[in-house]
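First the structure, in the form of structure tokens, and then the observations on it.
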Amino acid sequence: MSEEEAHANLAVPAFRTEKVAKTQTQNGHGTVWRFGGADKAAKAATVTLRGVIYMLFDNCSKDVKKTILPLGHGDPSVYPCFRTCIEAEDAVVNVLRSGKSNSYCPGAGILPARRAVADYLNRDLPNKLTPDDIFLTAGCNQGIELVFESLARPNANILLPRPGFPHYDARAVYSGLEIRKFDLLPDREWEIDLEGVEAVADENTVAIVVINPNNPCGNVYSHDHLHKVAETARKLGIMVITDEVYDQTIFGDNPFVPMAKFASIVPVLTLGGISKGWVVPGWKIGWIALNDPEGVFESTKVVQSIKQSLDITPDPSTIIQAALPEILEKVDKNFFAKKNKILKHNVDLVCDRLKDIPCVVCPKKPESCTYLLTKLELSLLDDIKDDIDFCVKLAREENLVFLPGEALGLKNWMRITIGVEAHMLEDALERLKGFCTRHTKKTVTETESPSSV
Amino acid sequence: MGETRGGKRWNFGANEVVELSCSQNVRYFLNLLADNLDRSDSRPVIPLGHGDPSPFPSYRTDPSAVEAVCDALRSAQFNHYSTTSGLPIARKAVAEYLSRGLTYQICPNDVHLTAGCHHAIDVLMSTLAVPGANILLPRPSYPMYDSRAAFSQLEIRRYDLLPENGWEVDLDAVEALADEKTAAILVINPCNPCGNVFSRQHLQKIAETASKLGVLVIADEVYKDITFGETPFVSMAEFADIVPVMLLGSISKRWCVPGWRFGWMATLDPHNIMKDSGLVHSLANVLNMSTDPTTFIQGAIPDILEKTKEEFFSSVLETLRECSESCYEEIKKIPCITCPYKPEASMFTMVKLELSVLEDIKDDLEFCCKLAKEESLIILPGRSVGLKNWLRITFAVEPELLKDGLSRLNKFAQRHSKKKQQP
């Protein structure tokens, strides 16, 4: 398929208006209409990426005679090189034709699927999960929604990373959880600022969210660091919510260590799914795993809350649930290796080209996930005041869309999506180079010190 | 705050609102009845309590629908994230499907695709939950609305469906209940659990009443086209000119695929009332953050909606007609149970218990628990849908199984009837 056709499948977000909801309006016949829209959805919506991405697309134009390169948000599943493995497709087709995927399921999910997830996770865990510890969700994002709703209570706050994944922020706002941020430290390979964590936590803090492998930074946390995170959480009396959805999207040297390894220190709630590993976000299935040998989730009634929420929230389709055992058991390891090799190649390609673009720097090559974070050296540029300005002008002049780091809480950084076809990145870096050359500050005279450039 | 063993104090705990809103829904009662089953009874359990005929051969979905989904999957074009509200091709197909028989075309942009009708209810309740708002729900009801409304902290006010009037809406009660904080009235037509279909005249009166009160109509038409009696189905969409309508539906019932999780909500709003009030904007915000139906099912929807053959639908309807007739006739023979209205739609009928003719049974819950224990027969106690001392009977099973079940019901009733006085 053509590039344009591939891009057509990328979800471009719905337009966000600034209009505020009213609670009553009158029609011409004098009827006062009594319904309006809930405010909290509006507040939550302002923290999603979609508005920023849409704004950048809006700045692209047909007058720039180049195809739009959408490298600001990510969905590798639209590109043929990332097509999911045949075993997964076969599993779904088999289930469909068996006629056994048409009925309603229990809220927590069907037993064979829960068992399959427990087996999948148990390969790396000392404390074995049972199917009862696993709950299926309609995608990992829905898992976040469910967990936050289950934890919400008056005055509660939750610790989220910066930079982070904005869906967490949106769902926290929506559930009425106060957000407190801790930093990921760029000069410590994006490790968590544990002192910062202790400083912002208080008796109303319910949880810390750890994303590992990390979106957007692309690092994989070490055993030692995760151990320290667990001990800090225990000291603070909070659970660790760990998002491990990129567990099969790793292409560096650091091995993935599941947070659940430290479940005897602190209760760990793991969010995961097949969306990223198998490149099928549209299949809408994820899971929550409760790693809790001490039974804390049970005694604090968090389990009960989750189970009850599952009864009244949307479910994943029976089709994917029924296919999940085969999907998880029969995956060909070569599939992951092939996918990750492409991503590694893309990372190397981008970093190589960036050597010639001094104002865009990648301080640490990602070794997981599908993004590359760069720092903007704005002092080298003429008329660009910040990352948003950079990205807007880039979109306008080159039809090239990258994400300004501000959207993730990292001002004057920029995120490049690398889960795309390699030739798109070649093209993108060419355009970026041209753009930066055009906007670079000119050296003034020969008497200027060369090191000022 | 939560406490745990070893004296360690943890700062997190349950959300009490979730707990309160989930008490006693249909699943709770089905689990309770299952607990009462006698394991030593060798007879198969007959399930006339829930509403999912898809495991039975007579209700197996059309193979062409299955193949449409397989094709969409194999194309590898539908593995990606969906756009908010659904893929354009699917929204267009649903808009056209819903517009059949209407005098106007529903616009694809007014159609929002959801992971089943349950998800639509979830999104809708979240959207309507302005602080202090209340919503009018029917009694008897479909309890998912009640749970979800409670969870969103919408105040619930109930209006009666009148069994002596063919289960029509008590419009006087509706007017009495509504006030300036009432956001919407829910109308389920064809009706779950009563099995009736509202007449055109009655639907128009509901629309006019809602308009007068300034509330929108939530029209749950998930059983649209599952009618097999005299009354023709008329969609509330026909009255969108009178009152704004939020139309809910899915493929779950007509195609017998509730497990596929594909439904919709359509905002029918020719006078832009929902738009001007900010409701549509709010709905978009909620949808933006919410899950979506599986993308490859969306991809298959145009083929599913347009190409499934009439023979499949008529075959399922024929089975349902046969079952509903059989159910009604058998119930007539059971003295302690009366059916006020012969079911003509959906998969259920509501029947009243005459407790005065029963010996040792004090209410609907005791009736159903003992029935499960003694006859391995599951029927839902009416209290689960808001009507104590009634029963909800599902007739959407294999006809033979239904006959067997009703025969067991008859035996049970006879066994527990008060003995006649000796002359």
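Nothing in this text is a laboratory measurement; each read-out follows from the coordinates by a stated rule. A quick note: this is a predicted structure, and the numbers were derived from the prediction, not measured. Positions of Cβ are backbone-derived with ideal geometry, glycine not excepted, and every protein chain shown enters the neighbour counts.
Tabulated data for the structure shown
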{"read-out": "Bridge type composition, chain A - antiparallel percent by DSSP, nearest 5", "value": "55 percent"}
{"read-out": "Hz values of 3J(HN,Hα) by residue in the stretch B:191-208 - Karplus curve (6.51, -1.76, 1.60), Gly and Pro given as x", "value": "8, 9, x, 7, x, 9, 10, 6, 6, 4, 4, 5, 4, 5, 5, 4, 4, 5"}
{"read-out": "Among A:Ala88, A:Gly176, A:Thr232 - extreme Cα towards positive end, dipole of the stretch A:85-328, charges at beta-carbon", "value": "A:Ala88"}
{"read-out": "Table column - 3J(HN,Hα) (Hz), the stretch B:343-360, Karplus curve with 6.51, -1.76, 1.60, x for Gly and Pro", "value": "x, 10, 6, 6, 10, 9, 9, 9, 10, 9, 8, 9, 5, 5, 8, 9, 6, 10"}
{"read-out": "Residues A:Ile285, A:Ile274 arranged by fewest to most Cβ contacts within 10 Å", "value": "A:Ile274, A:Ile285"}
{"read-out": "Per residue convex hull volume, Cα atoms of the stretch B:69-143, in Å³", "value": "169 Å³"}
{"read-out": "At R0 = 25 Å, FRET efficiency that the Cβ-Cβ distance of A:Ala422 and A:Tyr54 yields, to 0.05", "value": "0.40"}
{"read-out": "Between helix B:310-332 and chain B: long-axis angle, C-alpha atoms, 0 to 90°, nearest 10", "value": "30 degrees"}
{"read-out": "Test item: Cα-centred dipole of chain B, Lys/Arg +1 and Asp/Glu -1 on Cβ, debye", "value": "1000 debye"}
{"read-out": "Label-point separation, B:Arg100 to A:Lys365 (7 Å along Cα→Cβ), nm", "value": "5.8 nm"}
{"read-out": "Shape of the stretch A:184-284, Cα gyration tensor, a/c cut at 1.5", "value": "prolate"}
{"read-out": "Per-residue Cβ neighbour rank within 10 angstrom, fewest leading, A:Asp63, A:Asp243", "value": "A:Asp63, A:Asp243"}
{"read-out": "Whichever lysines have a C-alpha closer than 22 Å to that of A:Lys365, once near sequence neighbours (fewer than 8 apart) are set aside", "value": "A:Lys276, A:Lys338, A:Lys339, A:Lys341, A:Lys344, A:Lys355, A:Lys375, A:Lys411, A:Lys433"}
{"read-out": "Computed magnitude of the charge dipole of the stretch A:85-328 (debye, nearest 20; Cβ of K, R +1, Cβ of D, E -1)", "value": "580 debye"}
{"read-out": "Helix B:364-375 axis, angle to chain B major axis (alpha carbon atoms, nearest 10°)", "value": "70 degrees"}
{"read-out": "Per-residue average of Cβ from other chains inside 10 Å of A:101-109", "value": "6"}
{"read-out": "Chain B: antiparallel DSSP beta bridges as a percent of all, rounded to 5", "value": "55 percent"}
{"read-out": "Per-selection metrics, the stretch A:85-328 (Cα): Rg and Dmax in Å", "value": "17.4, 56"}
{"read-out": "Inter-chain Cβ neighbour average for residues A:293-303, partner chain, 10 Å", "value": "5"}
{"read-out": "Fraction of beta bridges assigned by DSSP in the stretch A:85-328 that are antiparallel (%, nearest 5)", "value": "40 percent"}
{"read-out": "About the Cα centre, charge dipole magnitude for the protein assembly as shown (Lys/Arg +1, Asp/Glu -1 at Cβ), debye", "value": "760 debye"}
{"read-out": "Unit charges at the beta carbon, dipole of the protein assembly as shown: most positive-side option, B:Ser42, A:Ser103, B:Val245", "value": "B:Ser42"}
{"read-out": "Rough spin-label spacing in nm, given labels placed 7 Å along Cα→Cβ, for B:Arg139 and A:Asp382", "value": "7.5 nm"}
{"read-out": "Gain upon complete extension [A:His345, A:Ala199; 0.36 nm per residue less C-alpha separation]", "value": "48.6 nm"}
{"read-out": "Footprinting exposure proxy for B:Trp264, B:Trp10, A:Trp283 (fewest neighbouring C-beta atoms within 10 Å first)", "value": "B:Trp10, B:Trp264, A:Trp283"}
{"read-out": "MRE, 222 nm, helices only [DSSP H, n ≥ 4, -39500 (n - 2.57), over chain B, to nearest 500]", "value": "-12000 deg cm²/dmol"}
{"read-out": "Anisotropy class of chain A from Cα gyration tensor, a/c 1.5 cut", "value": "rounded"}
{"read-out": "Highest-MSF residue in chain B out of B:Ser99, B:Ser356, B:Ser324 [GNM, Cα springs under 10 Å]", "value": "B:Ser356"}
{"read-out": "Crossing angle, helix B:88-99 versus chain B [Cα axis fit, 0-90 degrees, rounded to tens]", "value": "60 degrees"}
{"read-out": "Highest-MSF residue in chain B out of B:Glu318, B:Glu180, B:Glu221 [GNM, Cα springs under 10 Å]", "value": "B:Glu180"}
{"read-out": "Residues in the stretch B:63-88 that a label on B:Phe313 would reach, taking backbone N under 18 Å of a point 7 Å out along Cα→Cβ", "value": "B:63-66, B:68"}
{"read-out": "Among B:Asn389, B:Asn11, B:Asn109: highest mean-square fluctuation, GNM of chain B, C-alpha pairs under 10 Å", "value": "B:Asn11"}
{"read-out": "Label-point separation in nm, A:Lys65 to B:Glu175, each point 7 Å along Cα→Cβ", "value": "7.1 nm"}
{"read-out": "Cα gyration tensor shape of the protein assembly as shown, rounded if a/c is under 1.5, else prolate or oblate by comparing a/b with b/c", "value": "prolate"}
{"read-out": "Extreme residue, positive dipole direction of chain B, given options B:Tyr145, B:Leu353, B:Pro53 (C-beta unit charges)", "value": "B:Leu353"}
